[in-house]
Amino acid sequence: MTQLVLPLETRPALGREDFIVAPGNREAVAFVDAFPDWPAPAAALIGPAGSGKSHLAAAWAVRAGARIVDAAAIDSAALGFDALVVENLDGSTPDATRDAVLFALLERGTALLMTGRALPSQWPATIPDLVSRYRALLTFQLWETDDVLLAAVARKQFSDKQLVVPDAVIEEMVRLVERSPEAIREFVARAD
């Protein structure tokens, strides 16, 4: 018997309507949803891996017409955008070019949403004035997840794969798998 394997690719749903709101991210979501009526043009989303920073930033990028760039890849081309998401600010090595561009964007008042794991005051920079700008950023922390959010993440991950899984299975999975959205995603990816 010949087996036919179809390369069916599933893509995660990363729209704002797909973002799961929970107590640990409610303030960040409310802030992002308030755009363009922000009290300041730039803000930071921080939290552990898998907490939803990139998903929420991507949803904002759609709303704001923003370009998404990793901090390690930022260059002077970023100066041509009116709105920008800069990802992984504490995961890249600072250099003079990157920092000069970031400082210029902040000085100009460009709509910026920056992400990282650590507090902005701990983000590396080569320009002292950029360090002070980081410290002054509005910062929203996406907290560790609870069982309700982990179960919702599991349901969403299975739904992205067009799979319906009974609640009892999801509850058991949440109980046994490492307590992070990233671990839930990896588990669901292997369950295929």
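The values are calculated or read from the model by the stated rules, or taken from the named source; none is laboratory data. What you see is a predicted model, and the numbers here were worked out from it, not measured in a lab. Because the Cβ atoms are built from the backbone with ideal geometry, glycine has one as well, and the counts that use them run over all protein chains shown. Each accessible area value is taken on the protein alone, full model and side chains, heavy atoms only, with ligands, DNA and RNA left out. Shrake-Rupley method; radii C 1.70, N 1.55, O 1.52, S 1.80 Å.
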Taking region 43-58 and keeping only residues that are open to solvent by 10 Å² or more (accessible area, probe 1.4 Å) and on the phi < 0 side of the Ramachandran plot, one is left with P48, A49, S51, K53, S54, H55, A58
Being open to solvent by 30 Å² or more (accessible area, probe 1.4 Å) and in contact with a strand residue (DSSP E or B) (Cβ under 8 Å, 6 or more places away or on another chain) is the filter; apply it to region 134-160 and report the residue that is farthest from P41 (Cα to Cα). Q141
The correct count of residues that are of a type outside the set (D, E, K, R), farther than 24 Å from M114 by Cα and in contact with a helix residue (DSSP H, G or I) (Cβ under 8 Å, 6 or more places away or on another chain) in region 141-162 is 5
When the residues of region 152-185 are narrowed to those that are over 23 Å from P48 (Cβ atoms) and in a loop (DSSP other than H, G, I, E, B), which ends up farthest from the chain's Cα centre (by Cα)? P166
Count of residues meeting criterion [modelled with pLDDT of 85 or more and open to solvent by less than 30 Å² (accessible area, probe 1.4 Å)] in region 161-182: 4
Looking for whichever is loosely packed, with under 14 Cβ neighbours inside 10 Å and under 28 Å from A30 (Cα atoms) here; the options are G91, G116, G109. Which one fits? G109
What residue, of V188, V131, V101, is touching a Ser or Thr at 6+ places or on another chain (Cβ under 7 Å), part of a helix (DSSP H, G or I) and open to solvent by less than 80 Å² (accessible area, probe 1.4 Å)? V101
If Q3 passes every condition in (1) more than 22 Å from V188 (Cβ to Cβ); (2) modelled with pLDDT of 90 or more; (3) not β-branched (V, I, T) but one, which one does it miss? (2)
Taking the condition of being more than 13 Å from the chain's Cα centre (by Cα), outside any helix (DSSP H, G or I) and not charged (D, E, K, R), how many residues in region 56-83 meet it? 5
Checking the condition at pLDDT 95 or above and closer than 27 Å to A61 by Cα, which residue from R155, R133, R185 passes? R133
Go through region 63-78 and give me each residue that's open to solvent by 70 Å² or more (accessible area, probe 1.4 Å), in contact with a helix residue (DSSP H, G or I) (Cβ under 7 Å, 6 or more places away or on another chain) and hydrophobic (A, V, I, L, M, F, W, C). I68
For T110, all conditions in the list (1) in contact (Cβ under 8 Å) with a residue 60 or more places away in the chain; (2) closer than 25 Å to I20 by Cβ; (3) not aliphatic (A, V, I, L, M) hold save one; what is the number of the exception? (2)
